[in-house]
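The values are calculated or read from the model by the stated rules, or taken from the named source; none is laboratory data. Computed from a prediction, not measured in an experiment: that's the story for all the values here. Virtual Cβ from ideal backbone geometry, glycine too; neighbours counted across all protein chains shown.
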Amino acid sequence: MIKGLMMACLGLILGTIGMDPVNATPRFTFGIRELYDGLTLPAVMMGLFGISEVIENVGAFIKQEVYGGEIKGFLGTREDWKRAAKPIGRGTLTGFFMGIFPGVGSIVPTIISYVVEKKISKHPERFGTGEIEGVAAPEACNNAAVGGTFVPLLSLGIPSNPMTAMLLAALMIFGLHPGPLLIQETPHLFWGVVASMYIGNVMLLVLNLPLIPMWVKVLKIPYSYLYTMILLFCLIGAYSINNSITDVIVMIMAGIFGYLLRKSKYELAPLILAYVLGPIMEPAFRRSLIISKGSFSIFFTHPISAIFMAVTFFMLILPLITKRRVGEGFQQDD
Amino acid sequence: MVFGILSLLLLVQTFIRARRRRGISERIRWGSVILVLASLFIYAIVLEKLGFIVSTLLFIAALLMIIERKKWHIVTIIAIISTLAFYIVFQVWLQSNLPKGFWGL
């Protein structure tokens, strides 16, 4: 929690690089003209998530694991399906609704749905031995949570995990501005994404079931070739945003930075979240302060903002209470 | 500014402390990490001077040769094939403006 908040603050600080939105003073640019527009978002993201991941893997001694065994019986029996149906339904709902909240990620909902299944189950003592309810609900939940993360991404332009952050970067490279106006301005893109989800999932099922043995082989591509290609994709991607070397250097720096953060077990998601929101938040914040002539009471005396303040405060306190309860659930049963 | 410096300091401090606690259990191939970073920086500096094709060839060759220690003929083949593939995908198909060097490549 504290590390997450620290990362969020750091993201806000990084977001202040560039021109001041109110009186256009350059901040933290150290006289480098290319930084006047701030750090380019896709470059920062590719660095933090892409480059740092590659550096981490290159630096590790562990050889990649290849799955050797054979896989059979993908479809399960009728009995399995009957038992899994309800947990799948519950897991999907939990996952989707928790996935909508930015910053929750897919791990927390997964754990919650596991605990819930365990609580509901008639024989919780068998959980942990491959009980079908205990597998189906969390798996359905974490898939649904991924779908849920698209809601803030497409409606508000807020990425809530590394994957949506990369998608956001991709949308920006194509010259789109993900945000509240995305659906209005480019409806074809929005509905295209929605349609692709339907088509994609059907294709996934049809193509992947017979092809599972082949996908396992893809994992056998030696990492030494794979990471060279990943690095090149990132380099070319960063260069072609503005055709400028500055973005490439920003990306490499972000990569080093991300690697150090990863190694010290800091979460990168809050950082990127704050970095995306900071430049949107700051002008609004400053404008309110100008309206109130510099008094912070404007945020507490007006009903709408006061309610949001209360909700925020509640959200900050909430994990302290719920985390303990979920933790207890785990300890009791295992 | 002050906050930035302070948080950086705290970060470095935590990093050092975490490493000391971890001890020998997790070893990191610092050599490879630094070589990868060095080649990334060199690529970034050289890209606009030598052009995309030459610098990418050198980049792939450097990574595979120095860090992964592959045999030179495999390195040559892979470097040429993947540079061509990248060029076709990005320059010809997606029409992004890859930098040309001083001899027009």
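The selection criterion, being within 23 Å of B:Ser96 (Cα to Cα) and more than 9 Å from chain B (Cβ to nearest Cβ), does not hold for A:Ile236.
Conditions tested, residue by residue: (1) at pLDDT below 80; (2) buried (at least 17 other Cβ atoms within 10 Å of the Cβ); (3) part of a helix (DSSP H, G or I).
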site: B:Ile42; (1), (2), (3): no, no, yes
site: B:Glu48; (1), (2), (3): no, yes, yes
site: B:Thr56; (1), (2), (3): no, yes, yes
site: B:Ile60; (1), (2), (3): no, yes, yes
site: B:Ser82; (1), (2), (3): no, yes, yes
site: B:Phe86; (1), (2), (3): no, yes, yes
site: B:Val89; (1), (2), (3): no, no, yes
site: B:Gln95; (1), (2), (3): yes, no, no
site: B:Trp103; (1), (2), (3): yes, no, no
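For segment B:15-35, the criterion of a residue being modelled with pLDDT of 80 or more, more than 8 Å from chain A (Cβ to nearest Cβ) and more than 16 Å from the chain's Cα centre (by Cα) is satisfied by no position. State whether the residues of segment A:192-211 include one that is out of contact with any Asp or Glu (no Cβ under 9 Å at 6 or more places or on another chain), exposed (fewer than 12 other Cβ atoms within 10 Å of the Cβ) and within 14 Å of another protein chain (Cβ to nearest Cβ). No, every residue in segment A:192-211 fails to be out of contact with any Asp or Glu (no Cβ under 9 Å at 6 or more places or on another chain), exposed (fewer than 12 other Cβ atoms within 10 Å of the Cβ) and within 14 Å of another protein chain (Cβ to nearest Cβ). As a summary of the residue check, B:Val92 satisfies the conditions (1) over 27 Å from A:Gly175 (Cβ atoms); (2) out of contact with any helix residue (DSSP H, G or I) (no Cβ under 9 Å at 6 or more places or on another chain) except for the one numbered (1).
Is it the case that segment A:280-292 has a residue that's more than 25 Å from the chain's Cα centre (by Cα), more than 21 Å from A:Val54 (Cα to Cα) and not in a helix (DSSP H, G or I)? Yes, there is a match, as at least one residue in segment A:280-292 is more than 25 Å from the chain's Cα centre (by Cα), more than 21 Å from A:Val54 (Cα to Cα) and not in a helix (DSSP H, G or I). Restricting segment B:69-93 to residues that are under 18 Å from the mean Cα position of the chain (by Cα) and over 19 Å from B:Ser55 (Cβ atoms), the residue that is farthest from the other protein chains (Cβ to nearest Cβ) is B:Arg69.
If a residue has to be assigned to a helix (DSSP H, G or I) and either facing another protein chain (nearest Cβ under 7 Å) or over 17 Å from A:Met172 (Cβ atoms) (or both) to count, how many in segment A:251-273 make the cut?
Total meeting the criteria: 14.
Screening B:Ala38 with (1) at pLDDT below 80; (2) within 11 Å of chain A (Cβ to nearest Cβ) gives one miss only, at (1). All of A:Val218, A:Val248 fail the test of being more than 14 Å from chain B (Cβ to nearest Cβ) and either modelled with pLDDT under 85 or closer than 30 Å to A:Asp20 by Cα (or both), apart from A:Val218. Look through segment B:42-58, keep the residues that are at the interface with chain A (Cβ under 7 Å from one of its Cβ atoms) and not aliphatic (A, V, I, L, M), and return whichever of them is nearest to the chain's Cα centre (by Cα). It comes out as B:Tyr43. Contact annotation: residue pairs with Cβ atoms under 6 Å, 6 or more positions apart or on different chains, pairing a residue in segment A:82-102 that is buried (at least 20 other Cβ atoms within 10 Å of the Cβ) with a partner that is not in a helix (DSSP H, G or I), are A:Met98/A:Val104; A:Gly99/A:Thr149; A:Pro102/A:Ile158; A:Pro102/A:Ser160. Just one of the listed residues (A:Leu39, A:Leu35, A:Leu48) is more than 10 Å from every other protein chain (Cβ to nearest Cβ) and assigned to a loop (DSSP other than H, G, I, E, B), and it is A:Leu39.
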